[in-house]
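Read the structure below first, then the notes.
What follows is calculated from the coordinates using simple rules that are stated; it is not laboratory data. Everything quoted here is computed from the prediction, not taken from an experiment. Cβ sites come from the backbone with ideal geometry, for glycine too, and all protein chains shown count toward neighbours.
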Amino acid sequence: MESRIKDLLLDDSVRRATIFSFLLGAVFTAYGFTSYDFLIRFDPNLNLWDNLWQRILFNSTPMLLIGGYLKLGTASNRIKMIIWMVGFCCVFHVGAWINVWPVILSGQPIVLAYVHAANVYLFAFCYVFVSPPGRYLWYFTMTLFLMFVGPLFIVAHIGNDPVLFKLTINDTLFTIISGVAGSHMIQSIRRQVAYFEIEKEATAKTFLGPILSQAIYKNRQELFASWRGDAFVATLDMRDSTEWQKRNPRAWLQFRQEYFKAVSEITTRYEGYIQKTVGDSHVIDFGIMEHAPDLSELPGIHAELNLAEKRRLERASANTFDALDDIFGEFHRLAEEHFEGCPIFLGAGVDLGVVERSVQGDLQGHAELDVNGVPVNCSNRLQEYGKHILSVLGRAGSLIVVSAKSLEYLPPDKQSAYLEFRTTANPVRNFSNLQVVHYRTVESAENHSAVIQLAG
């Protein structure tokens, strides 16, 4: 958790530094106008344009470029923070040499009375607003002293005005010390807020799952948007769970808890989404969270879109069947661990087709991210149909049944592993159009490395 808190604090400071850089870029340009009125008193030959273009070129433009890089750059936040600290001090140092420090060195240190208040105010605002986290606070302070404060003290001393020299030292040190203390206090508050945010997100993730908690806490609202497209739907069901629960309720409860945990972990690993659980059954979707923006209206892009969709479905297909492999393997391992010598089986059905993902329910009461479509019902019917296949085969075992369409994106060598079963004599309930399904069984529940896969 400590690492996550540090990342959140650094990310927040980089975001603030970005805003501060854009703001400072505008301020430096404005300063080119406002500083002219008092600078001309010390240099009658100075004109407004000379004062302005140097501010724009050497101060405003670099700060805007730094802000743009912080916002759009691909470097880590650590690198971005270092770039901002060094960049800010460099720009501020250069800004002091534009018509201010040369005036002091020419024997007119009184100009410090006009500019020093703005300097210390900017220091204080920088510490409070950006508030570099942890060790970056000390890095920034040391960089500021080396690149600006130290040279400022030297220039003020050369100005040969003891009063202004002492005033400059006192005001600068007091402001920086206060800024460091204030920044440290702000970081402590932000750390507490980050801790509670992480705790709240972790608690929500337990009930919402990784996808919905990410949509809420990382503001990925696109995951809540309605979407329609092809996806894989798998339905899993424990066989005879009621009877097993009656025989040994305590052992069954422990077994069920460990199995459900395994399903959740495996589904997350393979980028799936557990749509719902009913009793001992799961409905799991693959491919519903992996889609790009609709670019179909762009001319000449249809071939690329078709290729991208093919690759998306190939990935979803691999995730679906690999996840089922792991789930069945873990199910058999847990069954043997809790019910040694007792055959406990698992059934599954898989279908591929058009589904619609959308938020269902009352937004003021209870709403949920739901997936609807023919594949949801078909996968359940195929899972049920596995019982009929086993009865025809005259055997018991774990089984996965999938529709023919579900095999299209599997490599040929994996497709050939599935056996064909014709449904003409006993059609799949509600799906009599499925004339053929394919299946594969696990010979023994003890051999959990051999996982069942069924396709149609």
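Assorted remarks:
- Label-reachable residues, region 301-341, where backbone N falls under 18 Å from a point 7 Å from Asn433's Cα toward its Cβ: none
- Using alpha carbons only, the radius of gyration of region 57-116 set against its Kirkwood radius gives Rg/Rh = 1.15.
- Note that region 91-96 has calculated 3J(HN,Hα) couplings of 5, 5, 5, 4, x, 5 Hz, one per residue in order, obtained from phi through the Karplus relation 6.51 cos²θ - 1.76 cosθ + 1.60 (θ = phi - 60°); glycine and proline are x.
- For the chain, the Stokes-Einstein estimate of translational diffusion at 20 °C and a viscosity of 1.002 mPa s comes to 78 µm²/s, using the Kirkwood hydrodynamic radius over alpha-carbon pairs.
- Label-point separation, Ala404 to Thr424 (7 Å along Cα→Cβ), nm: 1.3 nm
- In the chain, the longest principal axis of the Cα atoms and the axis of helix 61-72 are about 10 degrees apart.
- Share, in percent, of DSSP beta bridges within the chain that are antiparallel, nearest 5: 90 percent
- Ellipticity at 222 nm from helices only: DSSP H runs of n ≥ 4 in the chain, each -39500 (n - 2.57), divided by the residue count, give -20000 deg cm²/dmol.
- Cβ crowding within 10 Å ranks Ser379, Ser432 as Ser432, Ser379, fewest other Cβ atoms first.
- Put in order of Cβ neighbour count within 10 Å, fewest first, the listed residues Ser178, Ser21 become Ser178, Ser21.
- Fraction of alpha-carbon pairs over 28 Å apart in region 37-193 - percent: 27 percent
- Angle of helix 249-269 to the longest C-alpha principal axis of the chain, folded into 0 to 90 degrees and rounded to 10: 50°.
- Cα-based Lys proximity count in the chain, under 15 Å, for pairs eight or more positions apart or on separate chains: 8
- Cβ-Cβ FRET estimate between Ile79 and Val278, R0 fixed at 60 Å, reported to 0.05: 0.75
- Nearest-0.05 FRET efficiency for Thr242 and Cys90, computed from C-beta distance (R0 51 Å): 0.10
- Between the C-alpha center of region 12-78 and that of region 87-121 there is a gap of 14 Å.
- Available extension along the chain between Glu199 and Phe174 is 5.2 nm, counting 0.36 nm per residue and deducting the alpha carbon span.
- Computed label-point distance, nm, for sites Glu2 and Lys261 using a 7 Å Cα→Cβ extension: 2.6 nm
- Calculated SAXS-style log₁₀ I(q)/I(0) at q = 0.10, 0.16 Å⁻¹ - region 1-109, Debye, Cα scatterers: -0.37, -0.73
- Relative exposure of Arg381, Arg250, Arg429, judged by other C-beta atoms within 10 Å (fewest first): Arg250, Arg429, Arg381
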